[in-house]
Every structure is written in C-alpha cells, then in structure tokens.
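Student: Before I ask anything, here is the structure I am working with.
The values are calculated or read from the model by the stated rules, or taken from the named source; none is laboratory data. Only a predicted model underlies this, so the values are computations on that prediction, with no experimental measurement involved. With ideal geometry, Cβ positions are generated from the backbone for all residues, glycine too; neighbour counts draw on all protein chains shown.
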Amino acid sequence: MEVPVARILVVDDEPNIREVVGLYLRRDGHEVVSAADGEEALRAFGESEPDLVVLDLMMPRISGHEVCRRMMAQRRVPLIMLTARGEEEERIIGLSLGADDYVVKPFSPRELAARVAAVLRRVEESSGGLDQKVLTFDGLRIDPSTREVLVGGEPATLTAREFDLLHHLASSPGRVYTRDQLMELVWGYTFSADTSTVTVHVRRLREKVESDPARPRYLQTVWGVGYKFSR
C-alpha cells in the first residue's frame, strides 16, 4: 500500500531538527509546516489543518502536553511525540492524551519518516478497512462503524489507537498476539519498534473497559508471549 501524501505539522524548538525532519518528509512527497513553540504550533494547527503532527514534548511557552490536549480538543489528528530518553511518564501522559506514537531523542530522521508513513497507512486502512461487524460480549459492545464502545451500556472514551487495539484483539477471542504482532497490526510497523507502546495502551484500555483492571476479564496477559481477548 502506498503512503498517502499528507500535510504534516512539525513542532520543535530546535531549528536543525525542524530542517532535517522537514527535508526527509518532503522527500516522501509530504507538505511540511513547521512551528518553533507551543503558541506557533496551535496557530499553525488551526490555519493549516494538518493531517498529522510531529510534536516535541519539551516546548517553550506552552508544554507539549498542553499543546497536544488543545489540538485533540479541536480535532482528532494522528500525532507522534518526540521525547527525551528516560521520560517514560511523559510518554504515558502523551499517549493517554491521544498521541499515536513516540520517538525518543536522539533519533534517526529516516526512522521518524518510516513511523509517519506507518501511521498514515493505518489511518487510511482504519477509515475503510475495518470489519464493520458489531462485536458484542457480556457487558461490552464494540461498533467499528461508529467507533463506539459501550461498557455496561455506558460509552467509554477511547483514543483512536486504543479502539483499533481493542477491536483487533476482540475480533479473534482466544487468539494470542505477541507485542510485535500488535505493533504491526495496529500501528503498521514492520520494523523494530518499542513494544512498550503496546503495554501502555493495554493498561489504558483495562482502566476503561474492565470492571477490575487489576484482574482483567477481557484483556488478558499471556506471560512471556503477549495478550489475548477472553470472552
């Protein structure tokens, strides 16, 4: 599948990073808009209406987390965070706000471009490629046509990636998926990636769909392998 051409907003206070990232993304045919701080980012987000955002979390004036929160409040858009090494809690917060992925600095611009391509492919596939059959279990209803999840009859608020992960697991109850398989199925990565992203999303999903996240009924860990969905 070809990578859809997109308008991408790159937000980082380091000019050399904006320049290099922009160069690689333009080579792939994308239109690139850049911003040096949080205020510029929010202004550019409203004016250019990007298809995807690359956002540094350590931003002057307005934090990357706050920028992410405000963007998602306006319009859901695929977003990849840039974070410093070792900032696990920062990444968890960003993912919980709706970010699709993160890349740790220092990073390879080629790897970032590949992750952008993977996210764009997933967005295009999920917009028309998901099985539209409603999945129903005792106390849980998953509707891919509306991307709505009901838990005990009440709506659960899931990010786009959380929904895709839940849907993939629930579509094959009992099947065990490794973290690498889920990275490929849900995130579209066929190259080596940090599978802790999967772990974070499973934890977030349990908090939203399980009555007792510490003792999950649906999203079960298969120790040493990965995860499965249990009826």
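Student: Scanning region 1-26 for residues that are among the charged types (D, E, K, R), in contact with a strand residue (DSSP E or B) (Cβ under 7 Å, 6 or more places away or on another chain) and in a helix (DSSP H, G or I), which turns out surrounded by the most Cβ atoms within 10 Å (Cβ to Cβ)?
Tutor: Here the answer is Arg18.
Student: Against the conditions (1) over 16 Å from the mean Cα position of the chain (by Cα); (2) touching a residue at least 40 places away in the same chain (Cβ under 8 Å); (3) part of a helix (DSSP H, G or I), where does Phe45 fall short? Just the number, please.
Tutor: Every listed condition holds for Phe45 apart from (2).
Student: Which of the residues spanning region 31-67 are touching a strand residue (DSSP E or B) at 6+ places or on another chain (Cβ under 6 Å) and of a type in the set (D, E, K, R)?
Tutor: Glu31, Asp51, Asp56, listed by residue number.
Student: Provide a single number: the residues in region 134-172 that are of a type outside the set (Asp, Glu), in contact with a strand residue (DSSP E or B) (Cβ under 9 Å, 6 or more places away or on another chain) and over 19 Å from Pro216 (Cβ atoms).
Tutor: 4
Student: Among the residues of region 27-41, is there at least one that is over 21 Å from Val202 (Cα atoms), at pLDDT below 85 and surrounded by fewer than 18 Cβ atoms within 10 Å (Cβ to Cβ)?
Tutor: No; the residues of region 27-41 include none that is over 21 Å from Val202 (Cα atoms), at pLDDT below 85 and surrounded by fewer than 18 Cβ atoms within 10 Å (Cβ to Cβ).
Student: Under 8 Å between Cβ atoms, at least 6 apart or on separate chains: pull out the pairs that start in region 168-181 with a residue that is part of a helix (DSSP H, G or I) and end on any residue that is modelled with pLDDT under 90 and among the β-branched types (Val, Ile, Thr).
Tutor: His168/Val186; Arg179/Thr195; Arg179/Val198; Arg179/Thr199; Asp180/Thr195
Student: Here's another thing I want to ask about it. Test each condition in (1) part of a loop (DSSP other than H, G, I, E, B); (2) in contact with a helix residue (DSSP H, G or I) (Cβ under 6 Å, 6 or more places away or on another chain); (3) at negative phi for Arg61 and report the one that comes out false.
Tutor: (3)
Student: Could you list, in sequence order, the residues of region 64-120 that are of a type in the set (Lys, Arg) and within 15 Å of Leu25 (Cα to Cα)?
Tutor: Result: Arg110, Arg115.
Student: Okay, next question. Determine whether Arg70 is assigned to a helix (DSSP H, G or I), touching a strand residue (DSSP E or B) at 6+ places or on another chain (Cβ under 6 Å) and either among the charged types (D, E, K, R) or outside the structural domain of Asp101 (by TED's automatic domain parsing) (or both).
Tutor: When the stated conditions are applied, Arg70 does not pass them.
Student: Inside region 206-231, can you point out the residues that are in contact with a strand residue (DSSP E or B) (Cβ under 6 Å, 6 or more places away or on another chain), over 17 Å from Val176 (Cα atoms) and of a type outside the set (D, E, K, R)?
Tutor: Matches in region 206-231: Val209 only.
Student: Report, ordered by the first and then the second residue, all pairs with beta carbons closer than 9 Å, sequence separation of six or more or different chains, a first member in region 93-107 that is under 16 Å from Asp13 (Cα atoms), and a second member that is surrounded by fewer than 21 Cβ atoms within 10 Å (Cβ to Cβ) and small (Gly, Ala, Ser).
Tutor: Val104/Ala84; Val104/Gly86; Lys105/Ala84
Student: Quickly run through region 70-115 and pick out the residues that are of a type in the set (Lys, Arg), within 21 Å of Asp164 (Cβ to Cβ) and surrounded by fewer than 20 Cβ atoms within 10 Å (Cβ to Cβ).
Tutor: Listed by number, the residues that qualify are Arg75, Arg76.
Student: Follow-up. Got a sec? Which of Val21, Val53 is farther than 26 Å from Glu162 by Cα and hydrophobic (A, V, I, L, M, F, W, C)?
Tutor: Val21 is the lone residue from the list that is farther than 26 Å from Glu162 by Cα and hydrophobic (A, V, I, L, M, F, W, C).
Student: Output the number of residues of region 172-231 satisfying the condition of being surrounded by fewer than 15 Cβ atoms within 10 Å (Cβ to Cβ), within 19 Å of Arg141 (Cβ to Cβ) and of a type in the set (Ser, Thr, Tyr).
Tutor: Adding up the residues that qualify gives 3.
Student: Looking at region 182-231 only, could you name the residues that are in a helix (DSSP H, G or I), at pLDDT below 90 and of a type in the set (Asp, Glu)?
Tutor: Glu184
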